[in-house]
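Below is one structure; the comments refer to it alone.
The values are calculated or read from the model by the stated rules, or taken from the named source; none is laboratory data. Computed from a predicted model, the values in this text were never measured in an experiment. All Cβ positions, glycine included, derive from the backbone under ideal geometry; neighbour counts span all protein chains shown. Heavy atoms of the whole protein, side chains included, go into the accessibility calculation; ligands, DNA and RNA do not. Shrake-Rupley method; radii C 1.70, N 1.55, O 1.52, S 1.80 Å.
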Amino acid sequence: IGASPYGPELITGAPDFTLPNWQENATWTVLGGDAIANGAASNLNGQDALVSGVTYHISYTVAAYVEGTHRLFAGSTGAGTGAETGAGSWTFDIVYATDAGRPGVMIRAAGTSNNFRVTSISCREVL
């Protein structure tokens, strides 16, 4: 079996969401290892610092989806082609761009009304 193409996990507590490693913001709650979006558009900011110019392999899983949209960011760089909808798993290889306001991974509940649960998160450097 070959070596992993990824470095070690960089998000404290992953795959679970844990406080104070995530900044609850407006309509986000961290509870029981999950991040729960319930309400208007807002951001859930991770506090684990990433390095500018490095490519990261980031994945997250959404469950208990009722409504809304979600989008992943690494610093000021948004992944994907737009806001995602529905339950499922999403994975991105993304080059981090420095943003003092977002030191690490951020998940945005982007809909005008959001009701879903993010059940896992992972961020590893692509070697």
* Yes/no for Thr81 being more than 15 Å from Asn114 (Cβ to Cβ), loosely packed, with under 13 Cβ neighbours inside 10 Å and at pLDDT below 85 -> yes
* Structure fact -> Taking first residues from segment 56-83 that are more than 21 Å from Ser4 (Cβ to Cβ) and among the hydroxyl-bearing types (Ser, Thr, Tyr) and second residues anywhere that are modelled with pLDDT of 85 or more and crowded, with 17+ Cβ neighbours inside 10 Å, the pairs with Cβ under 6 Å that are 6 or more apart or on different chains are Tyr65/Phe116
* Asked: So, of the residues in segment 1-16 that are hydrophobic (A, V, I, L, M, F, W, C) and open to solvent by less than 60 Å² (accessible area, probe 1.4 Å), which turns out to be farthest from Arg117 (Cα to Cα)?
  -> Ile11
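Results for (1) open to solvent by less than 60 Å² (accessible area, probe 1.4 Å); (2) under 15 Å from the mean Cα position of the chain (by Cα); (3) modelled with pLDDT under 75, shown as yes or no for each residue.
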position	(1), (2), (3)
His70	yes, yes, no
Ala74	yes, yes, no
Thr77	yes, yes, yes
Gly86	yes, no, no
Thr98	no, no, yes
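Leu10 - would you say it is among the hydrophobic types (A, V, I, L, M, F, W, C) and without any contact (Cβ under 8 Å) to a residue 40 or more places away in the chain? Walk me through how you get there before you give the answer.
Working: among the hydrophobic types (A, V, I, L, M, F, W, C): yes; without any contact (Cβ under 8 Å) to a residue 40 or more places away in the chain: no.
Criteria not met by Leu10.
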* Asked: Looking at (1) in contact with a strand residue (DSSP E or B) (Cβ under 8 Å, 6 or more places away or on another chain); (2) open to solvent by 20 Å² or more (accessible area, probe 1.4 Å); (3) modelled with pLDDT of 80 or more; (4) not in a strand (DSSP E or B), which is the only condition Thr112 fails?
  -> (1)
* So which residues in segment 17-56 are modelled with pLDDT of 90 or more, open to solvent by 70 Å² or more (accessible area, probe 1.4 Å) and not hydrophobic (A, V, I, L, M, F, W, C), if there are any at all? -> Gly32, Asn38
